[in-house]
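A quick write-up on the structure given underneath.
The values are calculated or read from the model by the stated rules, or taken from the named source; none is laboratory data. Quick caveat: nothing in here was measured; it's all calculated off a predicted structure. Every residue, glycine among them, receives a Cβ derived from its backbone with ideal geometry; neighbour counts consider all protein chains shown.
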Amino acid sequence: MLKKKPLILIVEDDADIAKFYARLLKHNGYSPLVASTGAGARILADENEPALIAMDMDLPDCDGLSLCDEFHQKYQKPILLIAGKPKNGGGISGRSAAGDRYTASPLNKKEILTAIRSQLRTN
């Protein structure tokens, strides 16, 4: 019997980064779905059951923190927040928004996979 690959929703507006994440996840036994906007992410999350949502904080059509809160309440799935280094020296609040884990980008392959595996294991 074939084991079902965990479905990971990637919410990333940079096409090159999204493609990198998708290839990496597929190569490592996951089924990636990619959305470049908050609206697209809502549609994909509603139509599918992602095991985890990995999302960029800076989206072109919505506030990433608000979207994260929405996803956390609606889907009760682990969320990996990925954000660039803050421009003003500030950061995300101590609770890491509503996400289960926050990490700064850029990430290397090992960091991405470790974060995803950790989130899936604990949830």
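List of remarks:
- Residues of the stretch 45-60 classified as closer than 15 Å to Ile82 by Cβ, out of contact with any strand residue (DSSP E or B) (no Cβ under 6 Å at 6 or more places or on another chain) and assigned to a loop (DSSP other than H, G, I, E, B), total: 1
- Remark: pairs (first residue in the stretch 101-117, surrounded by fewer than 16 Cβ atoms within 10 Å (Cβ to Cβ); second residue modelled with pLDDT of 65 or more and among the charged types (D, E, K, R); Cβ separation under 7 Å; 6+ apart in sequence or on different chains) are absent.
- Some residue of the stretch 79-95 being modelled with pLDDT of 85 or more and not aliphatic (A, V, I, L, M): no
- Some residue of the stretch 30-44 being of a type in the set (Ser, Thr, Tyr), touching a residue at least 40 places away in the same chain (Cβ under 8 Å) and under 20 Å from Leu81 (Cβ atoms): yes
- Scan the stretch 57-67 for residues that are modelled with pLDDT under 90 and in contact with a Leu (Cβ under 9 Å, 6 or more places away or on another chain) and the total you get is 3.
- Answer residue from the stretch 25-43, given it is surrounded by 18 or more Cβ atoms within 10 Å (Cβ to Cβ), in a helix (DSSP H, G or I) and of a type in the set (A, V, I, L, M, F, W, C) and is nearest to the chain's Cα centre (by Cα) among those: Ala41
- Across the stretch 44-60, the number of residues qualifying as of a type in the set (A, V, I, L, M) and within 10 Å of the chain's Cα centre (by Cα) comes to 5.
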